[in-house]
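Below: one structure, written as C-alpha cells.
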Amino acid sequence: DTWVDDLLASFDEPVNTVKMMDCVEVYEEELLEGMQTEESTGTQETEYDEHVWTSPKNAVLISRAIEKNLCDIDPENAASYQENASAYIAQLEMLDQNFRDFFAGVSNKTMVFGDRFPFRYFAEEYGLDCFAAFPGCSSETEPSVATIAFLTDKVKSENITTVFYIEFSNHQVADSIAEAAGAKTALFHSCHNVSEQEQRDGATYLSLMEQNLNTLKEALH
C-alpha cells in the first residue's frame, strides 16, 4: 500500500522493514474470465497482485525473511527467533500439505466468487480455476449484468454447489448468483482483515486457513 511508504518517510530515523512482495515471486493482477467492469477498459499500467500471503507456500518464504531480518537486527536472540520460526514454518508446511492432499482428491477445482478476488496466489499454488465478480481489491461496487449472467451460468453448467464471498462483504452479489443458480454461499477468508470477535477469539493465519480448508471440504467434491 502506498500509504505505508508515506508513513515510513515521515519518521525521523530509518526503520527496518520487510516487504512481503519482495520475498516471493509476484503475479500481475489480471481480470478473471467473465469479468466485465469499468476497470477492464482502456490501457492501464501493470499492477502486481499484493495478496501474496494467501498461498501458504508464500507464507513460509515470508516467515523465513522475517526470521532473517530479526536475527540480523538482534543477533543475541537469534537462536530464539530461529526456534520460533522453525516451529511456525512446520505448521505452515503441514497446512500446505493438507491443502494439497485435499485438492488431489477433488475432481472439479472450480471456485466462483460473487465478490472481490484476492486469491490469485492461492489459486495458482493449487491449480484452481476461479471466476469472480471483481478483480483483486477492486473499488467497484456493482458487477456488470454480463458478469452476473456469466457467473450464474458457470455455477449452473458445472453443478457448483457453493458461491464464495470474502470477509467484511455484504455478500449481496454472491447471494444473488447463488439464488439464481440454486446454490448456497460460504465465507472464504482472505486473512486480510479480522473482526473484533475474531481477534478476541484468537484468530490466526493458521486458524483462518484451516477454516477455509473445512469450508472447501463441504463445498468441493
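The values are calculated or read from the model by the stated rules, or taken from the named source; none is laboratory data. Small disclaimer: the values here were computed from a predicted structure and weren't measured. No Cβ is skipped: glycine too gets one built from the backbone with ideal geometry, and neighbour counts run over all protein chains shown. Calculation scope for accessible area: heavy atoms of the full protein, side chains included, ligands and nucleic acids excluded. Shrake-Rupley method; radii C 1.70, N 1.55, O 1.52, S 1.80 Å.
With the condition kept exactly as written, say whether any residue in the stretch 194-210 is of a type in the set (Val, Ile, Thr) and in contact (Cβ under 8 Å) with a residue 24 or more places away in the chain.
Yes, the stretch 194-210 contains at least one residue that is of a type in the set (Val, Ile, Thr) and in contact (Cβ under 8 Å) with a residue 24 or more places away in the chain.
When Thr141, Thr152 are screened for being over 12 Å from the mean Cα position of the chain (by Cα) and open to solvent by less than 20 Å² (accessible area, probe 1.4 Å), only Thr152 passes. Pairs meeting the criteria (first residue in the stretch 44-73 and more than 17 Å from Pro118 (Cα to Cα), second residue among the charged types (D, E, K, R) and surrounded by fewer than 18 Cβ atoms within 10 Å (Cβ to Cβ), beta carbons under 7 Å, at least 6 apart or on different chains) are Val60/Glu93.
Restricting attention to the stretch 176-192 and to residues that are of a type outside the set (A, V, I, L, M, F, W, C) and in contact (Cβ under 8 Å) with a residue 12 or more places away in the chain, the residue that is farthest from Phe119 (Cα to Cα) turns out to be Gly182.
Every residue, every condition in (1) charged (D, E, K, R); (2) in contact with a strand residue (DSSP E or B) (Cβ under 7 Å, 6 or more places away or on another chain); (3) within 30 Å of Ala149 (Cβ to Cβ); (4) open to solvent by 50 Å² or more (accessible area, probe 1.4 Å), yes or no:
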{"residue": "Trp53", "(1), (2), (3), (4)": "no, no, no, no"}
{"residue": "Ile73", "(1), (2), (3), (4)": "no, no, no, yes"}
{"residue": "Tyr81", "(1), (2), (3), (4)": "no, no, no, yes"}
{"residue": "Arg116", "(1), (2), (3), (4)": "yes, yes, yes, yes"}
{"residue": "Glu125", "(1), (2), (3), (4)": "yes, no, yes, yes"}
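Does Thr162 fit the bill of being farther than 30 Å from Glu93 by Cβ and touching a residue at least 24 places away in the same chain (Cβ under 8 Å)?
no
Among the residues that make up the stretch 27-42, is at least one of them modelled with pLDDT of 90 or more and open to solvent by 50 Å² or more (accessible area, probe 1.4 Å)? Scanning the stretch 27-42, I find at least one residue that is modelled with pLDDT of 90 or more and open to solvent by 50 Å² or more (accessible area, probe 1.4 Å), so the answer is yes. If you go through the stretch 155-181 and keep only what is open to solvent by 30 Å² or more (accessible area, probe 1.4 Å), of a type outside the set (D, E, K, R), out of contact with any helix residue (DSSP H, G or I) (no Cβ under 6 Å at 6 or more places or on another chain) and more than 16 Å from Glu218 (Cα to Cα), you end up with Ser157, Phe168, Ser169, Asn170, His171, Gln172, Ser176. Pairs are defined by a Cβ separation below 7 Å, a sequence spacing of at least 6 or placement on different chains, a first member in the stretch 132-149 that is closer than 20 Å to Thr185 by Cα, and a second member that is among the β-branched types (Val, Ile, Thr) and modelled with pLDDT of 85 or more; the pairs so defined are Ala133/Thr147; Ala133/Val173; Pro143/Val173; Ile148/Ile177.
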